[in-house]
Amino acid sequence: MNKFFVYCLYSDIYDRLYIGQTDNIERRFKQHSDGYVISTKRYLPYRIIYFEEVPDRASAFRREKELKVTKGRMFLRTFIVK
């Protein structure tokens, strides 16, 4: 059974969060860092400030959606260390 991850990236320069999900967090972060993701390439560099493992893709989609609302974003901002 595959593992899935929900993650949050943060751009210090632009004070911008990006929330996503993947089955391979190392590969996905490299894609973001190398500028292959259209929605993040404009705001590089990013760093991972949060991730969690979930049991399946459906759980990853649900958790991603939870983190994208105001309460979830407020939770994620507590992980930003400047």
With a 1.4 Å probe and all protein chains kept in place, how do V81, V37 rank by accessible area, largest first?
V81, V37
Write down, largest first, the equivalent ellipsoid semi-axes of the chain in whole Å, where each equals the square root of 5 times an eigenvalue of the alpha-carbon gyration tensor.
20, 16, 10
With runs of 4+ DSSP H residues as the only contributors, calculate the mean residue ellipticity of the chain at 222 nm using -39,500 (n - 2.57) per run, divided by the residue total and rounded to the nearest 500.
-10500 deg cm²/dmol
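Which loop trypsin sites (Lys or Arg not before Pro) in segment 1-67, with loop taken from DSSP, have no more than 15 other Cβ atoms within 10 angstrom of their Cβ?
Numbers: sites: K3, R16, R27, R28, K30, K41, R42, R47, R57, R62, R63, K65; in loops: K3, R42.
Sites meeting the loop and neighbour criteria: K3, R42.
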Under a straight-distance cross-link criterion of Cα-Cα below 19 Å, which lysines are reachable from K3, leaving out those fewer than 8 residues away in the same chain?
K30, K65
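Sorted by accessible area (1.4 Å probe), largest first, how do L67, L44 line up? Show your work: numbers first, answer last.
Details: L67 0, L44 55 Å².
In descending accessible area the options line up as L44, L67.
Grab the Cα-Cα distance for R16 and Y36, subtract it from 0.36 nm times how many residues apart they are, and report the gain in nm with one decimal. Walk me through the numbers before you get to the answer.
On the way: separation 20, 0.36 × 20 = 7.20 nm, distance 1.76 nm.
Answer, rounded to one decimal: 5.4 nm.
Can you sort V54, V69 by 1.4 Å-probe accessible area, starting with the largest? Display every interim value, and only then the final one.
Values: V54 15, V69 80 Å².
If we order V54, V69 from most to least accessible, we get V69, V54.
The values are calculated or read from the model by the stated rules, or taken from the named source; none is laboratory data. The shown structure was predicted, so the numbers you read here are calculated from the model rather than taken from an experiment. In this analysis, Cβ positions are derived from the backbone assuming ideal geometry, glycine residues included, and neighbour counts consider all displayed protein chains. Keep in mind that these areas ignore ligands, DNA and RNA; they rest on the heavy atoms of the full protein, side chains included. Shrake-Rupley method; radii C 1.70, N 1.55, O 1.52, S 1.80 Å.
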